[in-house]
1. Among all residue pairs at least 6 apart or on different chains, which show Cβ distances below 6 Å where the first residue, located in region 75-86, is in contact (Cβ under 8 Å) with a residue 40 or more places away in the chain and among the hydroxyl-bearing types (S, T, Y) and the second is surrounded by fewer than 21 Cβ atoms within 10 Å (Cβ to Cβ) and assigned to a helix (DSSP H, G or I)?
2. Residue under question is L66, and the condition is that it be surrounded by fewer than 23 Cβ atoms within 10 Å (Cβ to Cβ) and out of contact with any helix residue (DSSP H, G or I) (no Cβ under 8 Å at 6 or more places or on another chain); does it hold?
3. Within region 166-213, restricting attention to residues that are outside any helix (DSSP H, G or I) and of a type in the set (A, V, I, L, M), which residue is surrounded by the most Cβ atoms within 10 Å (Cβ to Cβ)?
4. Of the residues L89, L134, L79, L111, only one is under 21 Å from I217 (Cβ atoms) and surrounded by fewer than 22 Cβ atoms within 10 Å (Cβ to Cβ); which?
5. Based on this model, can you work out whether T59 counts as over 30 Å from A287 (Cβ atoms), in contact with a Ser or Thr (Cβ under 6 Å, 6 or more places away or on another chain) and surrounded by fewer than 24 Cβ atoms within 10 Å (Cβ to Cβ)?
6. Which one of G48, G27, G42, G58 is touching a residue at least 60 places away in the same chain (Cβ under 8 Å) and either in a loop (DSSP other than H, G, I, E, B) or in contact with a strand residue (DSSP E or B) (Cβ under 6 Å, 6 or more places away or on another chain) (or both)?
Amino acid sequence: MADLPENAWISPKVLTLIAEQQVTEKGLKDARTTFLLAISAGISIGLGFVFYTTVTTGTAGVAWGLSHLVGGAMFSLGLMLIVVCGGELFTSTVLTTVARASRKITTAQMLKTWLFVYAGNFVGSLLLVAIVFLAGVHLAADGMWGVNALNIAQHKLHHTYIQAIMLGVMCNMMVCLAVWMSFAMKNSFEKAMIVILPVALFVATGFEHCVANMFMIPMGMVIQNFAGPEFWTAVGADPSKWASLTLSNFVFDNLIPVTIGNILGGGVLIGLGHWYIHRQPYLAKEAAAPKGSEAQKA
């Protein structure tokens, strides 16, 4: 597609075509590069949650909405790092449904990309968990940082299955809309700024993001199981208070339903929704046109 003039307004139809080109590249990327970029993205999203946990620690006297707004805005750092510096994030990678719908990639290519990105995000998230714990960040604010992390993680395990799916749907609607809008931006500053409000909305309201949870819930699990006696003495609490932070609860009560919701919200509602509105009619018209006609050349 030809370069657009400087400051040209990008219509939703053109933006959908740009998005299709962007996600097609994701689906055609080699597995090694995809996996390494996914590790980077897992770390980036985890850093966003580190920032969120820090700024919401010790805010008990602040209005709920205000403290979560600030935390959500700070969490957006994670997606900023990805859209500006590069990375493959599962929740935006599900937009490859657009490339598949336009037959730019195969189903096998799409699913393989999803698999490598999901695995890489998990590796990056767990790597950051180890770094943060070994750095003793959970001891910050006399251990209140760690307590905040424990409470955030445990809260995520107490949704019903349907709640977790629907929270995942709404979360990835916002993430994919943020990424979709970033495709229209002309420079790094614009790309960084455009993602703030959609991400702040999903974080502040408590929607569920599978990659963020790959960091936050294991972070809580590691603190609950491995924090030293000095931590529990400082916070005046017993680790049994967070006994629900188990691997099985993490996987079955959160990760699986949230991932399903993220796929539905991003890959289906946003990705295929925009494709059906803006690309499918053109592709159908092109397919029906006689070979060599102007419609096929367009």
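1. From region 75-86, the pairs are S76/I196.
2. Taking the combined requirement at face value, the residue satisfies it.
3. So the residue we want is V195.
4. Result: L134 is the single residue among L89, L134, L79, L111 that is under 21 Å from I217 (Cβ atoms) and surrounded by fewer than 22 Cβ atoms within 10 Å (Cβ to Cβ).
5. yes
6. Only one candidate passes the filter, namely G58.
Read-outs: derived from the displayed coordinates by stated rules, not from any lab. Keep in mind that this is a model prediction, so the values were computed, not measured. Positions of Cβ are generated from backbone atoms using ideal geometry, with glycine treated the same way; all protein chains shown enter the neighbour counts.
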